[in-house]
Amino acid sequence: MVKAQNNPLLGEFKTPHQTAPFDKIENEHFLPAFKKTIAKGEAEIKFVIENPEEPTYENTIVAMESAGRLLNRTAGIFFNLLSSETNDELQKIAQEVSPMLTKFQNDITLNPVLFRKIKEVYAQKDKLNLNAEQQTLLENTYVGFVRQGANLSEKDKEKFREISTELSKLTLTFGENVLKETNAYELHITDKSKLSGLPDGVLEAAAGKAKSKEKDGWVFDISMPSYLPFMKYADNRDLRKELYLAYGSKSFKNNDLDNQKNVKRIVQLRLEQAELLGYKNYADYVLERRMAMNPAGVYKLLDDLYKASYNVALKEKKEILDFARENGFNDELMPWDWSYYSEKLKVEKFDLSDEMMKPYFELSNVVDGVFGLATELFGITFKPNKNIPIYNDEVTAYEVFDADGTFLSVFYTDFHPRKGKRGGAWMNDFKSQWKENGVDSRPHVTIVMNFTRPTETKPALLTFSEVETFMHEFGHALHGMLANSTYSSLSGTNVYRDFVELPSQIMENWAVEKDFLDRFAVHYKTGEKIPAELVKKIVDSQNYLAGYLSVRQLSFGYLDMAWHTLEEPFKGEVKEFEEKAWKKTQLFPVINEVCMSTQFGHLFAGGYAAGYYGYKWAEVLDADAFSVFKEKGLFNKEVATSFRENILEKGGTEHPMVLYKRFRGQEPTVDALLERSGLKQVHPQ
Ligand SMILES: [Zn+2]
């Protein structure tokens, strides 16, 4: 047992900027700290509920906003460590803690007295003289409850809960079925002559897989690392077709793991849920809390991009077909031929590999370059501080200062993979930003990567895609570090989902600008600047098959919207509905054995229902915003200041379209994205 007074997670942190005392925290401190801080949070909420005074903005909305702050501090530290420095014990604690946190949340959102008070305050919203941020907080609080069914009659509340429970079971089953189907399939080959074209590394992995199953030869399956290289490199067309059909027919075989029934039931329940809450369809419900605002906003984006991409995609298809013909192919081009020939043409067009770029991207140079860009654009500087405790020796902690020397943020970087860190790259915060009693409490932000390690003889040299990843997460970090809100729940990256990737993706644009690269991308041995032809090749290869890739993403967006704008119970067949929904985007003949909807986890097992368009939306935004820098100067201070003041500092304090228009002077258009990706129509003379 740890006594509370000895638990470093409780009480004041006596560290620089009250950063987490990682040097004192042990696994055993977390569970008691969670219990204690949850109890404190409950008491704070109880105080709001039982307050005998008339409910006001301050004693209800603001009081709820600041309730649970100590719990958030504990959770911030715990969940960051769970991703970047985990161990069995932490994972066990997570299992124990997660139902406690769910209960804490549910006790708040399901409390009728609390909702009545919020509703009373909300009813007076026009008389309260609230500023924009306060209005947003009130709106978010009220709408958050309403969207969870708080405003329904008792009978409808019960119905709402039943639907929610069934939906969470069904979406889970949907995902499990797809996973089981993926795991159930294998392609076992014993005759090596059937595997011509596959690179040695791919063959080795397949041989290893066979061995682990105590089989001879090679085993391929339909998991991405096995499927993608096979489709790209295998010369044997019949086998490519076999694997393609196996991949495409997941949960569409009328067996136990078929998802057609689940798709129908999920869209039905979502429609019922939306109708209960007073919406025409599920997309209306979702998009109300998005920058795109409504289905019309989404369809405008999809259609604008479609008009520009489809003919280009057709041209690209012809180019691939011509190339295939030159290489002796004389059949109809099918989906299982696409990766194979397009990869071969890509190699012929762009002779480009990671190894060619890596010498120019030594990690310490890249860090200097990225920090330097932030200094030039926003005037902020980074100073390492060894007195700030860190959770692993590989982490560096910085203090970040504004141009006038004011302290802005603590910033941790954690670059390399190790045991206990999950894969991928992310930005997070240990502590968010808020203001209280005239004090601006600054954030503690972190970025975590899995970059190539240095070796005995070589420093850490990044691939170009790692440089992009760094810039991307750094952009999220800027959103966090420059936050200037009053309320934590509206601060930094707490924005609508189709807006959150703007600050991150815009940074990636600089990564292909020679004027920026020349500042730091020098050969780690010779000091020579990165050659201009190499940069051009990167850009051109990024735009390879831009039309095809755009149309493919659009097809998924159209399919998503078709399912989630249904206003009547769905009675038809899943496959038929799908083909109709995305017909205008298809470049290949219909193949009866395959179905996307039955394996589309984003829509039916994840959180992307009526949100798949978001990928394209984010690209449109970042290209449109960056075009202002392109026009006025890559390092233009005026544009940077406007971006900082209107976007980065504002977090979610106002509607993203309002913020964006203040920066851009107008709503975003698809033009800049079309230009950047080479899709701008060239009109015949
Ligand atoms: Zn991101």
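What does the accessible area per residue of the chain come to in Å², with a 1.4 Å probe and no ligands, DNA or RNA counted? Let's see the in-between values first.
Values: 32170 Å² over 685 residues.
Averaged over the residues of the chain, the accessible area is 47 Å².
Hey, how much of the P(r) for region 161-320 falls beyond 29 Å, as a percent of Cα pairs?
47
Jot down the per residue volume, in cubic angstrom and as a whole number, of the convex hull over the alpha-carbon atoms of region 56-139.
Once divided by residue count, the hull of region 56-139 is 101 Å³.
Have a look at SER66, VAL522, GLY369 and report the one farthest towards the positive end of the charge dipole of the chain, computed about the Cα centre with Cβ charges (Lys/Arg +1, Asp/Glu -1).
Highest projection toward the positive end goes to SER66.
Taking the radius of gyration and the Kirkwood hydrodynamic radius from Cα positions alone, what is the Rg/Rh ratio for region 88-179, to two decimal places? The partial results should precede the final answer.
Working: Rg = 17.7 Å, Rh = 16.0 Å.
Looking at region 88-179, the ratio lands at 1.11.
What's the long-distance tail for region 10-155, i.e. % of Cα pairs beyond 18 Å?
The share of Cα pairs beyond 18 Å in region 10-155 comes to 63 percent.
Return an integer: the convex hull volume of the alpha-carbon atoms of the chain, in Å³ per residue.
Dividing the Cα hull volume of the chain by its residues yields 199 Å³.
Dividing the alpha-carbon radius of gyration of region 312-424 by 2.2 N^0.38 Å (N being the number of residues), what value is obtained?
Values: Rg = 23.9 Å, N = 113, 2.2 N^0.38 = 13.3 Å.
Scaled against compact globular proteins, the figure is 1.80.
For region 420-486, build the convex hull from the C-alpha positions and give me its volume per residue in Å³.
105
Amide H neighbours of PHE430 under 5 Å, counting only residues 5+ apart in sequence or on other chains, H built in-plane at 1.01 Å?
HIS444, VAL445, THR446
Can you give me the relative contact order of the chain as a percent, contacts being Cα pairs under 8 Å and 6 or more apart?
Over the chain, the number comes to 16 percent.
Calculate the translational D of region 1-90 in whole µm² s⁻¹ from Stokes-Einstein, where the hydrodynamic radius comes from the Kirkwood formula applied to all Cα pairs, the temperature is 10 °C and the viscosity 1.306 mPa s.
Working: Rh = 14.6 Å.
Approximately 109 µm²/s, per Stokes-Einstein.
Once phi is turned into θ = phi - 60°, what whole-Hz ³J(HN,Hα) does the Karplus curve with 6.51, -1.76 and 1.60 give for every residue of region 217-222, x standing for Gly and Pro?
These are the phi-based 3J(HN,Hα) values: x, 9, 10, 10, 9, 10 Hz.
What residues have an amide H closer than 5 Å to that of SER441, excluding those fewer than 5 places away on the same chain, when H is modeled at 1.01 Å from N in the peptide plane?
TRP434, LYS435, GLU436
Based on the mean of other beta carbon atoms within 10 Å per residue, what is the order of 596-607, 244-255, 88-99, most packed first? Mind dumping the intermediate values first?
Details: 596-607: 20.2, 244-255: 18.7, 88-99: 12.9.
Sorting 596-607, 244-255, 88-99 by mean packing, highest first, produces 596-607, 244-255, 88-99.
How compact and how long is region 123-218, expressed as Rg and Dmax of its alpha-carbon atoms in Å?
27.8, 79
In units of 2.2 N^0.38 Å, what is the alpha-carbon radius of gyration of region 237-367?
Its radius of gyration relative to the 2.2 N^0.38 Å reference: 1.61.
If I compute solvent accessible area with a 1.4 Å probe over the protein chains, what percent of it on region 115-234 is carbon and sulfur? Display every interim value, and only then the final one.
Values: 3440 of 6700 Å².
Answer for region 115-234: carbon and sulfur cover 51 percent of the accessible area.
Assuming a viscosity of 0.890 mPa s and a temperature of 25 °C, what translational diffusion coefficient in µm² per second does Stokes-Einstein assign to region 557-681, Rh being the Kirkwood radius over Cα pairs?
It diffuses with D of about 140 µm²/s by this estimate.
Using per-residue counts of other Cβ atoms within 10 Å, averaged over each peptide, order 298-305, 24-31, 379-386 from highest down.
298-305, 24-31, 379-386
Past the 26 Å Cα-Cα mark, which pairs from LYS36/LYS157; LYS536/LYS661; LYS103/LYS155; LYS253/LYS580?
LYS36/LYS157; LYS536/LYS661, as the Cα separations exceed 26 Å there.
The values are calculated or read from the model by the stated rules, or taken from the named source; none is laboratory data. Since this is a predicted model, take the numbers as computed values, not measurements. When we count neighbours, we look across all protein chains shown, and the Cβ atoms used for this are built from the backbone with ideal geometry, even at glycine. Side chains included, ligands, DNA and RNA excluded: accessible areas come from the protein's heavy atoms. Shrake-Rupley method; radii C 1.70, N 1.55, O 1.52, S 1.80 Å.
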